[in-house]
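Asker: Would you mind keeping the following structure in view while I ask a few things?
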Amino acid sequence: MTWVKICGITNLEDALVAVDAGADAVGFVFYEKSPRKVEATTVRAIVEKVPKAVEKVGVFVGNDDWLDIVWAAGLDAVQQVIIMNGAGRGLERATGVGALPQPLRVYTSLPIADLLEEDERIQGLAADFARMRKSAAMPDGVFDTFFLDAGTLQQPGGTGNAFDWRKAVPIAEGMRQGGLKLVVAGGLNPDNVAEAIEVLKPWGVDVSSGVEARPGKKDPDKVRAFVQAVRRTEKSV
């Protein structure tokens, strides 16, 4: 079954709409420049009312400090958006997640729009993923799932645009060869998510602006329509 994450949650009402629609995860953005940015105390109050089975994911960009926020907000997972040289400190923190009192998953999000402009870069990234194997030193759930997002290095997320899924097919295949999980993000909505799934056959999908009434506020009908579209499509893929 395709993993579905409804991201950019800012309030309890929207979180419960996502849960009721059948989402597997809800996401909270801690990036200062995002219109969907939330505080740890707000997220904690929401998390306490969301079923345990629904994954709670914190989204961080570059060198954002996240360990204290994870504790304060009660998160299950971290989704770190990699920009420029921002991966280092996140990697250092991730190697220590085994010391936390509960398992913590660490996802990596790659703004991929710029990488799809040249065939050579596409093939190189596909080869890198195909060779990649999760290190035995890493806890389960750490750096084995990669989000491909329509963002750029200048605007790492929240663009509302989709990347060229067909150009990314070699990258998706390389990830499968490397034993990695792919999550498609960026520009998805109830009308196009079926095509994204059919083209890339991902492990999961991630949506934010595509199910909003306005930035930071979800449209319940769009949220339900999105999840329903995913469930219909996965039966035929």
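Asker: Take the residues in region 123-153 that are over 18 Å from the mean Cα position of the chain (by Cα) and not aliphatic (A, V, I, L, M); name whichever of them is modelled with the highest pLDDT.
Answerer: Step one: list which residues in region 123-153 are over 18 Å from the mean Cα position of the chain (by Cα), which gives 123-128, 130-139.
Still in the running and not aliphatic (A, V, I, L, M): 123-124, 128, 131, 133-135, 139.
Working: 123: 93, 124: 89, 128: 87, 131: 85, 133: 66, 134: 56, 135: 53, 139: 65.
It comes out as 123.
Asker: Checking residue 169 against (1) at pLDDT 80 or above; (2) closer than 30 Å to residue 73 by Cα; (3) touching a helix residue (DSSP H, G or I) at 6+ places or on another chain (Cβ under 7 Å): exactly one of these is not met. Which one?
Answerer: (2)
Asker: Scan region 8-24 residue by residue and report those that are assigned to a loop (DSSP other than H, G, I, E, B) and either among the polar types (S, T, N, Q) or surrounded by fewer than 24 Cβ atoms within 10 Å (Cβ to Cβ) (or both).
Answerer: Of all residues in region 8-24, those assigned to a loop (DSSP other than H, G, I, E, B) come to 8-11, 22-24.
Scanning region 8-24 gives 10, 11, 22, 24.
Asker: Tell me which residues, restricted to region 31-50, are touching a helix residue (DSSP H, G or I) at 6+ places or on another chain (Cβ under 6 Å) and either touching a residue at least 60 places away in the same chain (Cβ under 8 Å) or farther than 17 Å from residue 218 by Cβ (or both).
Answerer: Of everything in region 31-50, those that are touching a helix residue (DSSP H, G or I) at 6+ places or on another chain (Cβ under 6 Å) and either touching a residue at least 60 places away in the same chain (Cβ under 8 Å) or farther than 17 Å from residue 218 by Cβ (or both) turn out to be 40, 44.
Asker: So, one more: Consider region 211-221. How many of its residues are surrounded by fewer than 21 Cβ atoms within 10 Å (Cβ to Cβ) and either polar (S, T, N, Q) or part of a helix (DSSP H, G or I) (or both)?
Answerer: Adding up the residues that qualify gives 2.
Asker: How about region 190-208: which of its residues are closer than 16 Å to residue 221 by Cα and in a loop (DSSP other than H, G, I, E, B)? Break it down into steps so the answer makes sense when it comes.
Answerer: Applying the first criterion (closer than 16 Å to residue 221 by Cα) to region 190-208 yields 190-193, 207-208.
Correct list: 190, 191, 192, 208.
Asker: Would you tally the residues in region 69-86 being modelled with pLDDT under 90 and of a type outside the set (Val, Ile, Thr)? First the steps, then the outcome.
Answerer: If we filter region 69-86 for residues that are modelled with pLDDT under 90, which is where we start, we get 81-86.
Those left that are additionally of a type outside the set (Val, Ile, Thr): 84-86.
Counting residues in region 69-86 that are modelled with pLDDT under 90 and of a type outside the set (Val, Ile, Thr) gives 3.
Asker: If you check 37, 52, which single one turns out to be touching a strand residue (DSSP E or B) at 6+ places or on another chain (Cβ under 8 Å), farther than 30 Å from residue 236 by Cβ and surrounded by fewer than 22 Cβ atoms within 10 Å (Cβ to Cβ)?
Answerer: Numbers: 52 fails: touching a strand residue (DSSP E or B) at 6+ places or on another chain (Cβ under 8 Å).
Criteria check complete, one pass: 37.
Asker: Hey, can you tell me all the residues within region 165-180 that are assigned to a helix (DSSP H, G or I) and closer than 25 Å to residue 105 by Cα?
Answerer: Step one: filter region 165-180 for residues assigned to a helix (DSSP H, G or I), giving 169-177.
Answer for region 165-180, where residues must be assigned to a helix (DSSP H, G or I) and closer than 25 Å to residue 105 by Cα: 171, 172, 173, 174, 175, 176, 177.
Asker: Further question on the same structure: Hey, residue 36 hits all of (1) more than 16 Å from the chain's Cα centre (by Cα); (2) at pLDDT 85 or above but one; which does it fall short on?
Answerer: Evaluating residue 36 over (1) more than 16 Å from the chain's Cα centre (by Cα); (2) at pLDDT 85 or above leaves (1) as the failure.
Asker: Specify the residue that is modelled with the lowest pLDDT; the eligible residues are those in region 97-120 that are assigned to a helix (DSSP H, G or I) and loosely packed, with under 13 Cβ neighbours inside 10 Å.
Answerer: As a first pass, look at region 97-120 and keep what is assigned to a helix (DSSP H, G or I): 97-99, 114-117, 119-120.
If we keep only those that are loosely packed, with under 13 Cβ neighbours inside 10 Å too, we end up with 99, 117, 119-120.
Working: 99: 46, 117: 83, 119: 89, 120: 88.
Ranking the candidates gives 99 first.
The values are calculated or read from the model by the stated rules, or taken from the named source; none is laboratory data. Here the structure is a predicted model, which means the values were calculated and not measured. So basically every Cβ, Gly included, is an ideal-geometry build from the backbone, and we count neighbours across all protein chains shown.
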